[in-house]
Structure formats: structure tokens, C-alpha cells
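Okay, structure first, notes after.
The values are calculated or read from the model by the stated rules, or taken from the named source; none is laboratory data. Treat the numbers as computed from the prediction; the structure is a model and nothing was measured. As a convention, Cβ positions derive from the backbone with ideal geometry for all residues, glycine included, and neighbour counts pool all protein chains shown. SASA here: full protein model, heavy atoms, side chains in, ligands and nucleic acids out. Shrake-Rupley method; radii C 1.70, N 1.55, O 1.52, S 1.80 Å.
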Amino acid sequence: MENQKEGHELISMTYTWTIDNFSKLKTRKHYSDGFVVGDFKWRIVVYPKGSNGRQFLSMYLNVADASKLPSGWSRYAEFTLTVVNQFNSDKSITIDTQHQFSAKKSDWGFTSFMPLNELYDQNEGYIVDDICIVEAEVAVSKADIKVLKDQETAFLEQELQKCDSQTVQSPRSEQLRRVELTGPTDAFVGLWLATLSPPQISKVYKNMENQQPGHELISMTYTWTIDNFSKLNTQKHYSDGFVVGDFKWRIVVYPKGSNGKQYLSMYLNVADASKLPSGWSRYAEFTLTVVNQFNGDKSITIDTQHQFSAKKSDWGFTSFMPLSELFDQNEGYIVDDICVVEAEVAVSKADIKVLKDQETAFLEQELQIHDGGCHCKNVRWRVQAPAKVVAWSCNCSNCSMRGNTNFIVPSERFELLGNSEQFLTTYSFGTHTAKHTFCKVCGITSFYYLRSNPDGVAITYKCVDLGTLTYVEVKYFDGKNWENSYNQSNIASQSKVDSGN
């Protein structure tokens with residue numbers, strides 16, 4: 001496991017759990033002893049006979065002291081879960097993920113970790129002499145631990161001052177201050193709460209809950225219908241891009257599995273990762289689903305979350321489901337050689353605002369004069385725009401054929417020169433709101449009028465004369481899902497005079 005989390009140092013530990021008499025376990029779920037990583041208490045949970053009626057081992061990382069934490073608590077961890085192969089460690093099954101644990105989501109892991117028939121096969125080596133060995137490597141941020149301690153110290157000292165003088169001056173209170181400096185956070189909280197009356201404890205928990213920040217999410221479900229699935233020859237296969245909250249995503253599947261494993265691998269990918277500036281980062285919570293076309297209730301869905309970055313631009317599951325189950329014609333996951341995959345992606349509105357603020361600062365630059373036109377130069381124009389612009393690439397039926405990528409300016413900053421008008425003709429389709437202008441002589445579309453921005457003009461950035469544009473950032477507009485992309489992309493603001501364009 002990497003020892004860096006977005007520039008923060010991680011503290012990690014590997015916990016090994018030897019489970020005796022595994023086949024004789026009677027409980028539906030079985031917990032390991034607790035273990036501590038960075039003042040946080042954890043435990044592993046396994047469902048030895050599977051969960052939700054599925055024939056898979058289910059395994060999760062669990063916050064061991066969740067029931068004792070105040071309302072609104074949260075802690076982040078990156079972790080791997082492993083079932084050790086006792087014959088050959090290279091065949092051990094390991095899956096990694098990360099999660100922001102909270103009261104609502106106090107465990108996280110995998111419903112379909114590995115097939116039960118493979119786990120219990122005595123020839124495979126995962127259970128030997130009825131012993132199963134499970135490992136969890138858990139990493140938490142040192143910075144997160146320090147922040148948590150600082151917040152709790154400041155909060156609890158403030159609450160101590162609110163308590164009656166007898167409590168504050170008691171020898172026990174002096175002991176609390178010593179524990180805070182040397183002992184685990186939970187010990188400090190527990191000892192301090194022991195000095196309070198029930199009404200005071202209730203008040204403390206309420207204050208803690210009110211201090212917890214929240215964030216609103218915006219989400220969208222994208223459905224990908226993959227035809228001729230069994231005939232796919234590429235190692236990995238990408239969906240079209242789709243936009244959620246100004247961020248462009250795509251799904252990636254490995255139809256024949258990856259790393260030699262007989263499982264479908266599936267990930268969410270940042271579609272424009274190669275075009276983003278150094279140091280970019282975006283957070284998402286998401287689910288990936290393989291739809292059962294016979295019975296929707298049997299669809300396989302796994303959820304996770306990830307802080308995407310240049311180093312980790314895709315995230316998902318190496319062992320999403322066995323290929324044998326996927327390709328079994330009686331199961332309903334592939335029908336008429338069609339596989340249907342869904343991704344529900346949620347991003348934070350606060351993150352989107354940060355992105356937009358950065359773009360506004362990027363665009364609020366001094367306007368410059370840019371000249372340009374068509375190939376034969378019968379159409380010429382002049383436009384006022386910054387030297388650095390944001391251009392849009394659209395995948396609608398027209399734009400995808402033309403490969404046109406353009407930046408948008410308010411109409412009053414665009415001027416046709418000379419007798420260019422007489423060399424122009426216009427094509428429209430669909431709603432006929434967009435007017436696709438092109439030169440009658442050479443056929444080049446150097447500018448046109450958009451449906452999304454009726455008060456603006458789209459300038460083909462490659463038709464701008466060389467020397468005045470210094471930087472072009474390309475963003476994506478999902479023209480195949482026009483209304484949804486229009487509402488989420490903020491493209492309408494690009495033609496407003498006060499938007500910086």
C-alpha cells in the first residue's frame with residue numbers, strides 16, 4: 001500500500017487474523033478482535049457462508065468502536081483485505097479500496113470477495129486443516145489524526161470551562177489533562193465524560209454533532225449497453241464519456257479479466273485525466289452495476305469512493321464478478337450478446353464550486369484581439385478573448401463527425417470582417433436552434449452559433465491565427481445527453497460578459 005495520500009504521510013499496519021474451525025462457524029457474520037491503527041480501532045468482519053443469498057465470501061473492514069462514538073463522527077482509511085493462500089502466497093486474493101467511515105457507513109468492503117466453492121476447495125489452499133487466514137492492511141493519515149486530536153482537545157477544553165467549578169477543579173480533571181497529552185483520544189473522551197452528569201453528556205454530544213461539516217452531492221446514473229460483448233478483442237473497453245458536475249467520467253471494463261484472473265474487472269475512470277493540469281484532484285462516491293436482464297433484483301452492484309488524481313485516475317474492482325457467472329447464458333447478465341453496465345456517480349457541489357472558482361480566476365484575464373477565419377480566407381473575423389481559453393469538445397452527432405472544438409465568447413465580442421457574409425452558408429438540424437455556419441468555398445466551419453449559448457459565438461480554436469492564443473484547456477460537453485449536460489456543465493455562463501470570457 002502506498003505511504004502517501006494526496007501529499008499526506010500515512011501510518012499503516014497489517015493485522016493477521018487466523019480463524020480456526022472455519023467450516024464449523026455457526027454465526028452469520030464473524031468478527032476479529034479489535035486492532036488499533038493511528039488511535040483508531042478497527043476489526044475485520046467475514047460472512048463465512050456469504051451474504052444476501054450469494055455464494056461468495058463477504059468481507060469488510062469495520063469501525064470497532066462505532067457505537068461509542070459521538071454523532072457526526074468520521075474517519076478516513078485506505079486498506080486492503082486479503083485471504084491468504086497457504087500453499088502459494090502468490091495466489092493470495094487481495095482487494096484494495098478506501099472509504100470515509102461514518103455512523104451511516106461504519107463498515108466497508110466486498111460482498112463478493114471470492115466464490116465460496118473456491119474458498120472451501122481443499123485443493124486450492126485457502127482453508128488448510130480448517131484454518132483460514134485473513135489479513136487487513138489499514139492506512140490512515142497522520143495529518144487526519146493530528147487534526148482530529150487538535151479539534152477534540154480544543155472542543156473538550158472549551159466544554160470543560162462550561163462545566164460547574166467543582167468538576168473543573170476536581171483531581172480527576174487534572175488527570176484528564178495528562179491523559180490528553182499521552183493517551184489515545186478515546187481514553188481522554190471516556191475519562192472526561194465520566195466526570196459529567198447525564199444532561200451534560202447529552203449536551204456535549206449535541207455540540208459535537210452540530211460542529212460536523214456536511215456536503216451536498218450531485219449525482220447521475222449512466223447506462224452503458226455493450227453490444228457483441230463476447231466478441232470484444234481489446235484487453236480493456238471504454239464507455240463514452242459522461243459528465244457529472246462539470247467532471248467527465250467513463251467506465252472501463254476488462255471483458256476477459258485482468259492480471260490473469262477469471263473475473264470481470266470494472267473501474268470508473270477520469271476521462272480527461274491526460275488534459276488536466278498538474279496536481280488535479282476530484283472526489284467521487286459511486287456504484288458500478290452489471291444489470292441482470294432476467295431479474296433486476298439479481299443485478300450485481302458494488303459501491304465505493306475515491307479521491308481521483310493523476311496517480312490514481314481510475315478506481316474500481318479487479319474481481320467484480322466471476323467470468324463463468326457473467327458468460328453463463330442461464331444467468332441473465334449477457335443476453336443476445338449484450339451486457340448492460342451502469343455507473344451512479346456522485347460528486348460534491350462544494351468541489352464543483354472550487355473548480356468553477358479556479359476557472360473563473362483562469363478566465364478573468366485581460367482580453368486580447370484574435371483574428372482568424374476559414375482555409376481559403378474568404379471568411380475572416382476578429383474576436384476579443386483572453387490568451388488562455390477553455391474550449392469545448394462535443395460528442396453530438398454533428399460535432400463528433402466534424403471533430404470541431406471551440407471556445408465561446410459573447411456575441412458583442414465577435415466581428416465579421418470585410419465581405420465575409422457573402423461566403424457563408426448555414427446548416428441546422430434537430431431543434432434548429434444552433435446555426436452551423438461554414439464557408440461556401442472551402443467548407444470550413446471557423447465559427448457558429450450554439451444552441452446552448454444563443455447570446456454567444458463558438459470559435460473554432462484551430463482557426464485562430466497563430467501567435468495570440470497561448471493555452472487551450474479542453475472540456476467535454478455530452479451532446480448525446482444534451483439537457484443533462486447543459487444543466488450540469490455551466491456552459492451557458494461562457495457567453496456572459498461578466499463571466500470573464
Inset, instruction - First measure r as the distance between the Cβ atoms of Asp303 and Arg382, then evaluate 1/(1 + (r/R0)^6) with R0 = 51 Å and state the FRET efficiency to the nearest 0.05. - result: 0.50
Inset, instruction - Using a 1.4 Å probe and ignoring any ligands, DNA or RNA, find the accessible area of Glu473 and quote it in Å² to the nearest 10. - result: 30
Legend entry - Flagged links, alpha-carbon separation over 21 Å, of Lys29/Lys104; Lys91/Lys312; Lys41/Lys312; Lys377/Lys440; Lys68/Lys104; Lys231/Lys256: Lys91/Lys312; Lys41/Lys312
Inset, instruction - Set the Förster radius R0 to 30 Å, insert the Cβ-Cβ distance between Lys26 and Asp90 as r into 1/(1 + (r/R0)^6), and round the FRET efficiency to 0.05. - result: 0.35
Inset, instruction - Answer rounded, prolate or oblate for region 395-469, using the Cα gyration tensor with square roots of eigenvalues a ≥ b ≥ c: rounded when a/c is under 1.5, else prolate when a/b is larger than b/c, else oblate. - result: rounded
Legend entry - Projected label distance in nm at Asn484 and Asn419, using a 7 Å step from Cα toward the beta-carbon: 5.0
Inset, instruction - Could you rank Met401, Met321 by how accessible they are, 1.4 Å probe, largest area first? - result: Met401, Met321
Inset, instruction - Quick one: order Lys496, Lys248, Lys24 from most to least accessible surface, probe 1.4 Å. - result: Lys24, Lys496, Lys248
Legend entry - Estimated distance in nm for a label pair at Asn117 and Lys435, the labels positioned 7 Å out from Cα along Cα-to-Cβ: 6.6
Inset, instruction - Go through Arg28, Arg413, Arg382 and list them by solvent-accessible area, largest first, probe radius 1.4 Å. - result: Arg28, Arg382, Arg413
Legend entry - Pairwise label distance in nanometres, Ser230 with Val335, each label 7 Å out on the Cα-Cβ vector: 1.7
